[in-house]
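These notes are about the structure you will find just below.
Each reported figure results from applying straightforward, stated rules to the coordinates on display, with no laboratory input. Just so you know, these numbers come straight off a predicted model, no measurement behind them. With ideal geometry, Cβ positions are generated from the backbone for all residues, glycine too; neighbour counts draw on all protein chains shown.
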Amino acid sequence: KAGVTQTPRYLIKTRGQQVTLSCSPISGHRSVSWYQQTPGQGLQFLFEYFSETQRNKGNFPGRFSGRQFSNSRSEMNVSTLELGDSALYLCASSRPDDRGLNEKLFFGSGTQLSVL
Amino acid sequence: DAKTTQPNSMESNEEEPVHLPCNHSTISGTDYIHWYRQLPSQGPEYVIHGLTSNVNNRMASLAIAEDRKSSTLILHRATLRDAAVYYCILRDPLQGAQKLVFGQGTRLTINP
């Protein structure tokens, strides 16, 4: 069974540009979430999607947005890039356990974004 | 979100048991204790979770204190592949299915 796939693996952009990152969840998983990881702030939750609807959002500016498609694949977009957006962006997917609680999250290997 | 406290780093030897502590004195009655680990150049990986009773799986054991204010992740026989950052996370399943609040974790070094 294929794991969570994130593309591209590495990305270099310049300030002011925008970027779109892609995530394909494990087959059958309908929940997708995104995290940002930096050396200074660690892992921080960005947002979560379930059945094409955003159902939770972290404390990030509106430049960070996302969406989920009917096949559960997800994209996140960052507009007007800043130097501080340089980070590893991780996607995770899950499906509810028998009680709909405590899903195990399965993470991809991430997209390393460098903003110059 | 309830917080956890972990040592910044720990070191152990290959084939020896490793006990990774986590303090969570403000844990609420509905919080589950989850552990994830992150190997170099990879995303976090689920290890184990529990509520009140000790838990075992093929990767590790989770020992939870009776008052639930602390827990210990036990790797019974560490290998070099267990070198990673280990995160102890409190998770209320009613507060957002996929939102995990990661702390700084414990960086585990395994010596050959």
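Given a Förster radius of 41 Å and the C-beta distance between A:SER109 and B:ASP67 as r, what FRET efficiency does 1/(1 + (r/R0)^6) yield to the nearest 0.05? After rounding to 0.05, the efficiency reads 0.60.
Each label was represented as a point 7 Å from its Cα along the Cα-to-Cβ direction; for B:ILE74 and B:ARG58 these points are 2.1 nm apart. Springs join every pair of Cα atoms under 10 Å in this Gaussian network model of chain B, and among B:ARG37, B:ARG68, B:ARG77 the largest mean-square fluctuation is at B:ARG77. Here B:SER53, A:SER74 are placed in order of increasing Cβ neighbour count within 10 Å, fewest first, which gives B:SER53, A:SER74.
Working note: Karplus 6.51/-1.76/1.60 with θ = phi - 60° gives the range A:62-72 the couplings x, 5, 9, 9, x, 7, 10, 9, 5, 8, 6 Hz, where Gly and Pro are set to x.
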